[in-house]
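Only one structure is covered here, and it is reproduced in the block below.
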Amino acid sequence: MILFKRHHFGGFVTDVGGVTSHTAIVARSLGIPALVGLHHARQAISEGELLIVDGVQGVLVVNPDRWCSPSTACASRRSAWSARS
């Protein structure tokens, strides 16, 4: 837990797991957003890409444009996943 706090993660995105997975529990304890169980996120995300991780709505936006946020329509136009699907 101490190592996680030192790295200042902005959020977690995983291909496997669920709400009771270790990653989800750690993220909740640190108060950061997490999306777990997205299945194909690793294939679509490259190192250095900007991500919006909305843990409340369950949305991941990869390389958002300048005016994009998870609550706007642009999230559906970009590479976006819903954790609920």
How many residues are over 10 Å from G55 (Cβ atoms) and among the small types (G, A, S) if we restrict to segment 32-43?
2
Report the residue count in segment 27-53 for those that are part of a helix (DSSP H, G or I) and surrounded by 10 or more Cβ atoms within 10 Å (Cβ to Cβ).
7
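Read the figures in this text as sums done on the coordinates, not as results from a lab. Values in this document were obtained by computation on a predicted structure and should not be read as measured data. Note: ideal-geometry Cβ built from the backbone for every residue, glycine included; neighbour counts use all protein chains shown.
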